[in-house]
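To start, the structure itself, in structure tokens.
The values are calculated or read from the model by the stated rules, or taken from the named source; none is laboratory data. Just so it is clear, the structure is predicted and the values come from calculations on it, not from any experiment. As a convention, Cβ positions derive from the backbone with ideal geometry for all residues, glycine included, and neighbour counts pool all protein chains shown.
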Amino acid sequence: MFTSRMMMACGALALLGPGAMAEAPKLASVFTDHMVIQRDTPVRLFGTADPGAEFMVSLDAAATPVRAGRDGRWWTEFPGLSAGGPHEISLSAEGETVQAVEDVLAGDVFLCSGQSNMEYPLSRVTYAEREVAAADHPNIRLLQVEKALSLDPDTDLPGESAWAVTTPETAAEFSAVCYYTGRAISEAYDIPVGLINSSWGGSRIEPWIDGEIIGAVPDYADDVALLETYKTDRGAAAKAYSESWQQGWRDDPATGGTTPWENPEAGDWTPVPGTLRDWRTWGDAELTDHLGMVWHKLSFTLTAQQAAQAATIHIGAIDDTDMTWLNGTAIGTTFDWGGLRAYEVPASLLQTGENTLLVNAHNDYGEGGMNGPDAELRVAFEDGTNLSLAEGWMYRKVPAEVGAPKPAPWFTIKGYTMLHNAMVTPLDGLRLKGAIWYQGESNAGEGAAYEGLLDLLIQDWRAKFGDGLPVTVVQLPRYGALPTEAGEPGWGVIRESMRRVAAKDDGVGLAVTIDMGDPVDIHPPNKLAVAERVVCVMKALVYGEEDAAASGPVAASATREDDAIRIAFEGVEDGLETVSSDTVLGMELCEAGTCRFASAALDGEAVIIETGDAPVSEIRYCQGNSPLCNLFDGNGLPAGPFWIDVE
């Protein structure tokens, strides 16, 4: 449905006539040549004009008069179109055509969103050269939403975002999962398909959710309120965030109660060998595989003349997040993969004589830390002079057990609502057939909270694109360390959150991909296989094919039977089977939070675990970051990871 804001705006009419128009009316930026409009549902067209302006909106030969509201917004509807085309949309004022959108098809429209595995382009998949060359489909249209951020909801798509016919040139850098899914849907149902890819690698889920929706949840209200403060008073917002960061550090028992920004001389510090660069290359065995935080410290001396000036502290490129203090006062924080940092400081923070610069660098993945270059490590004074900060750095590793600091609400792809504002809001009002969400890697460390966040995202999408919008969630595949101990779920927590969202919402389907990952590559290139799983779900969820395989075997119940537990499954095709063993691997028996591995055997379309008289309250399957899971049905679909209570 249309949002209430837009309905109110379009319903309130001004008293201005067409003669007062300064600019021609126009369609919203999502309406461009080559687009696809959702078939078999009323065609909703919308856009902007001068307040009170009157004009005609046409869809092919049908036309209707429209008058813009007081805020300049307008909308109108035409009867639904059957699959096919082409069609033309046009606007005319005073008998003159002022805008025309041509080569419009009616078909099924899908939104694809998420982080890097959704963004992953066709040009990088397995057999990419062949796949790109074959991407010539006049009935499949692509809308690549350019990456952008906005503190407030935008009405226009960012940059040059526009619909395009699928060709090798337009498909090469388009989402592979989205493209493969759309191709399969178009072929299966012989219809045009419109694909909208709005994704950003590394993004968390929070930036994709409407600020009003997530801000109404108590757990996130303070952060969203702080983002509002940031819009009007960045200094006050930065001060509040730094205090929160410092308190979080104090509250973490793994920090040992230290406060390096207050007492930088305490503790053991080691000279940085050579120039600042990726800490894995320093020759320190404790940093070779370290992901997390490292403190960096530098002391430098200023003259009285230098200390009397305002200055900008340049600390070079950092991957990926820094929190920086000067003489015990926080002066800035940034999230950016290798972006240069420069923080302005007043003269009151500078001291004649010795000054101490302290940088906490946090890295999630790959190379990390402060990376220079030397020319970008300096104090730039108000009078145009510079003091180098390239030499004399010391460092201290932060134990891996210390929790990652909570991102600032305004961090680009780790904060709140800014991706939604720029890359989703301009689509508001379109009607969609369905949506695909492939994200979670960046939230995996807080997997228990993901269930509620995913609920909010789906609520938001349904408010914008239609009540009951079917959403397919791609469950995270295996990646990272192979599990060696029971009771260490790792990424299993976020997979469980995804499973629970799908289990309680008939309009959400789960594409299980646990068997498609790579322990050492977070971006496995076989996206065709992922899309095939998505299509299985969508045929059942979106198109109502009752006999279509969906999520594979789904654990329905776990029941105590004397000295054993029977796990019954639903959604099984051609029976259950195990791979590379006659037992089911990866089953865990849990009681009061303690788990142990257990042998399990097949019994028809159920799994039996012998337990003896040991108490068991929960069964977990296929846990850990990169588990080996061998339970499938005869159709080749895996039983996904699950937690289930024992009845």
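Screening segment 155-190 for residues that are over 22 Å from the mean Cα position of the chain (by Cα) and β-branched (Val, Ile, Thr) and picking the one that is farthest from Ala49 (Cα to Cα) gives Ile185. For beta carbons closer than 8 Å, sequence separation of 6+ or different chains, a first residue in segment 40-69 that is over 15 Å from Gly95 (Cβ atoms) and a second that is crowded, with 20+ Cβ neighbours inside 10 Å and hydroxyl-bearing (Ser, Thr, Tyr), the qualifying pairs are Ala68/Thr48. I want to confirm something. Restricting to segment 126-142 and keeping residues that are part of a helix (DSSP H, G or I) and touching a helix residue (DSSP H, G or I) at 6+ places or on another chain (Cβ under 8 Å), which single residue is surrounded by the fewest Cβ atoms within 10 Å (Cβ to Cβ)? Only one residue fits best here, namely Ala133. Where strands (runs of 3 or more DSSP E) fall entirely within segment 379-495, those with at least 3 residues that are farther than 30 Å from Val272 by Cβ, at pLDDT 95 or above and within 14 Å of the chain's Cα centre (by Cα) are at 434-438.
Taken together, the criteria place Ala342 among residues that are surrounded by fewer than 22 Cβ atoms within 10 Å (Cβ to Cβ) and more than 18 Å from the chain's Cα centre (by Cα).
For segment 19-38, filtering for residues that are crowded, with 22+ Cβ neighbours inside 10 Å and either free of Cβ contacts under 8 Å to residues at least 40 places away in the same chain or of a type in the set (Lys, Arg) (or both) leaves 0. Considering segment 272-306, and only residues there that are among the charged types (D, E, K, R) and assigned to a loop (DSSP other than H, G, I, E, B), the residue that is surrounded by the fewest Cβ atoms within 10 Å (Cβ to Cβ) turns out to be Asp289. Taking Gly338 as the residue in question, decide whether it is outside any strand (DSSP E or B) and touching a strand residue (DSSP E or B) at 6+ places or on another chain (Cβ under 7 Å). Against the criterion (outside any strand (DSSP E or B) and touching a strand residue (DSSP E or B) at 6+ places or on another chain (Cβ under 7 Å)), Gly338 qualifies. Looking for something of a type in the set (S, T, N, Q), within 30 Å of the chain's Cα centre (by Cα) and more than 19 Å from Asp322 (Cα to Cα) - is there at least one such residue anywhere in segment 271-286? No; the residues of segment 271-286 include none that is of a type in the set (S, T, N, Q), within 30 Å of the chain's Cα centre (by Cα) and more than 19 Å from Asp322 (Cα to Cα).
Residues are listed down the side, and each one gets a yes or a no for (1) touching a residue at least 24 places away in the same chain (Cβ under 8 Å); (2) more than 17 Å from Thr333 (Cβ to Cβ); (3) in contact with a helix residue (DSSP H, G or I) (Cβ under 7 Å, 6 or more places away or on another chain):
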position: Thr232; (1), (2), (3): no, yes, no
position: Gly235; (1), (2), (3): no, no, no
position: Ala238; (1), (2), (3): yes, no, no
position: Glu262; (1), (2), (3): yes, yes, no
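Taking the conditions exactly as written (crowded, with 17+ Cβ neighbours inside 10 Å, touching a Pro at 6+ places or on another chain (Cβ under 8 Å) and more than 15 Å from Phe31 (Cα to Cα)), does Met56 satisfy them or not? Taking the combined requirement at face value, the residue satisfies it. Selection within segment 345-371: residues that are polar (S, T, N, Q) and closer than 27 Å to Thr281 by Cα. The member of this set that is farthest from the chain's Cα centre (by Cα) is Thr356. Taking the criterion of being surrounded by 14 or more Cβ atoms within 10 Å (Cβ to Cβ) and either out of contact with any strand residue (DSSP E or B) (no Cβ under 9 Å at 6 or more places or on another chain) or assigned to a loop (DSSP other than H, G, I, E, B) (or both), the residues of segment 352-371 that qualify are Asp364, Glu367, Gly368, Asn371. Scanning segment 229-260 for residues that are small (Gly, Ala, Ser), out of contact with any strand residue (DSSP E or B) (no Cβ under 8 Å at 6 or more places or on another chain) and surrounded by 11 or more Cβ atoms within 10 Å (Cβ to Cβ) yields a total of 6.
The one condition from (1) over 20 Å from Glu401 (Cβ atoms); (2) free of Cβ contacts under 8 Å to residues at least 60 places away in the same chain; (3) outside the structural domain of Trp410 (by TED's automatic domain parsing) that Ala266 does not meet is (1). Checked against the criterion of being out of contact with any Leu (no Cβ under 6 Å at 6 or more places or on another chain), free of Cβ contacts under 8 Å to residues at least 60 places away in the same chain, within 25 Å of Pro407 (Cα to Cα) and not aliphatic (A, V, I, L, M), the candidates Asp336, Asp322, Asp278 yield just one match: Asp322.
Please verify whether segment 170-181 includes one or more residues that are farther than 23 Å from Tyr438 by Cα and part of a strand (DSSP E or B). No. Among the residues of segment 143-163, just one is touching a strand residue (DSSP E or B) at 6+ places or on another chain (Cβ under 6 Å) and assigned to a loop (DSSP other than H, G, I, E, B), namely Val145. Scanning segment 503-528 for residues that are under 24 Å from Gly202 (Cβ atoms) and assigned to a helix (DSSP H, G or I) gives Ile514, Met516, Lys527, Leu528. Taking segment 529-647 and the strands (runs of 3 or more DSSP E) fully enclosed by it, the elements with 2 or more residues that are surrounded by 14 or more Cβ atoms within 10 Å (Cβ to Cβ) and either out of contact with any Gly (no Cβ under 9 Å at 6 or more places or on another chain) or of a type in the set (Phe, Trp, Tyr) (or both) are at 554-561, 564-570, 584-591, 594-603, 606-610, 618-621, 642-645. Would you check if there is a residue in segment 249-258 being out of contact with any helix residue (DSSP H, G or I) (no Cβ under 9 Å at 6 or more places or on another chain) and in contact (Cβ under 8 Å) with a residue 60 or more places away in the chain? Within segment 249-258, one or more residues are out of contact with any helix residue (DSSP H, G or I) (no Cβ under 9 Å at 6 or more places or on another chain) and in contact (Cβ under 8 Å) with a residue 60 or more places away in the chain.
For (1) closer than 30 Å to Gly445 by Cβ; (2) in contact with an Asp or Glu (Cβ under 8 Å, 6 or more places away or on another chain); (3) among the aromatic types (Phe, Trp, Tyr), each residue gets a yes or a no:
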position	(1), (2), (3)
Asp322	yes, no, no
Gly328	yes, yes, no
Leu340	yes, yes, no
Thr352	no, no, no
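Of the residues Gly445, Gly480, Gly490, the single one that is of a type outside the set (S, T, N, Q), farther than 23 Å from Lys504 by Cβ and without any contact (Cβ under 8 Å) to a residue 60 or more places away in the chain is Gly445.
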